[in-house]
Structure formats: structure tokens, C-alpha cells
Amino acid sequence: MDNKKLGQVKNLIMLALADGKATESELALIAAVASREELTQEELDNLIDNPDSVRIELPEDEDQKLCYMEDMVSLMMIDGDLDDNELAMCKIYAIMLGYESDIVEKMILDIAEKLKDL
């Protein structure tokens, strides 16, 4: 399986757990992303049970990077509470994706605004 796809789902799992709990709505979003990325239920279950089993490979394609950021912001917003730990993790991931640290917070907030309008 593609480690980039597994890595994205792993990041979503870690983000969901950043505030100490993964809600049903967060798990449903993670399952939807896993399905979009063509992961099997077995792969998803294994990743949830053992997230450290996957080494993250970051995407190089700009559209894929933006898609990953939108997934992460969607997950942060799903419970209606932008948790500080989730926001901090999302910022770190954005920087890992190659976004400049001085624009990351604005980028996250812009994505959040865009998603609210959908």
C-alpha cells in the first residue's frame, strides 16, 4: 500500500487523538478519507490499532498537499471546537508539507472559512 496514503490517514488519526479522544464523527471522517484513498477496512483497522507501524511519506504534488490540509482542517472542525493541541499538530504538519511557518495559521483559518461556506 502507498505510504503517502497511509501516512495521511495516520496523521488524521493522530490529530483526532490530539485532544485526548476520537469522536464518532472524527472516526467517520477518517473512514471516508481512508475509503477515498482506497485503503481497505483491514488496513484502516490496523492503522488505528498501530499507527506507529507506518512511516509517513509526504506528498510532493501541490494539489495533494492542499487536499491533505483540507482533510486535517475538516477533522479539526468536525466537533465544532478548534482544540489548541489539534491546531498545533496541524501547523506542524503544514510546515512538514513545505508551507512557510509564517503563513500556516492564516492558511488553516482560510481553509476553515472556506469549509464553513460549503
Check: Is it fair to say Leu75 is surrounded by 11 or more Cβ atoms within 10 Å (Cβ to Cβ), in contact with a helix residue (DSSP H, G or I) (Cβ under 9 Å, 6 or more places away or on another chain), of a type in the set (A, V, I, L, M, F, W, C) and without any contact (Cβ under 8 Å) to a residue 40 or more places away in the chain?
Finding: no
Next item on the list: Scan region 78-95 residue by residue and report those that are under 15 Å from Lys65 (Cβ atoms) and in contact (Cβ under 8 Å) with a residue 40 or more places away in the chain.
Entry: Cys90, Tyr93
Next item on the list: Tell me which residues, restricted to region 100-118, are modelled with pLDDT of 90 or more and either closer than 20 Å to Val9 by Cβ or touching a Ser or Thr at 6+ places or on another chain (Cβ under 6 Å) (or both).
Entry: Ile108, Ile111
Note to self: Can you go through Ile30, Ile103 and tell me which one is over 21 Å from Leu6 (Cα atoms), assigned to a helix (DSSP H, G or I) and not small (Gly, Ala, Ser)?
What the structure shows: Ile103
Notebook entry, point to check: In region 106-118, how many residues are of a type in the set (Asp, Glu) and assigned to a loop (DSSP other than H, G, I, E, B)?
Noted result: 1
Checklist line | Close pairs from region 2-22: first touching a residue at least 12 places away in the same chain (Cβ under 8 Å), partner assigned to a helix (DSSP H, G or I) and among the polar types (S, T, N, Q), Cβ under 7 Å, at least 6 apart | finding: Ala18/Asn85; Asp19/Asn85
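The values are calculated or read from the model by the stated rules, or taken from the named source; none is laboratory data. Please read these numbers as outputs of a predicted model, since none were measured by experiment. Here the Cβ is made from the backbone with ideal geometry for all residues, glycine too, and neighbour counts use every protein chain on show.
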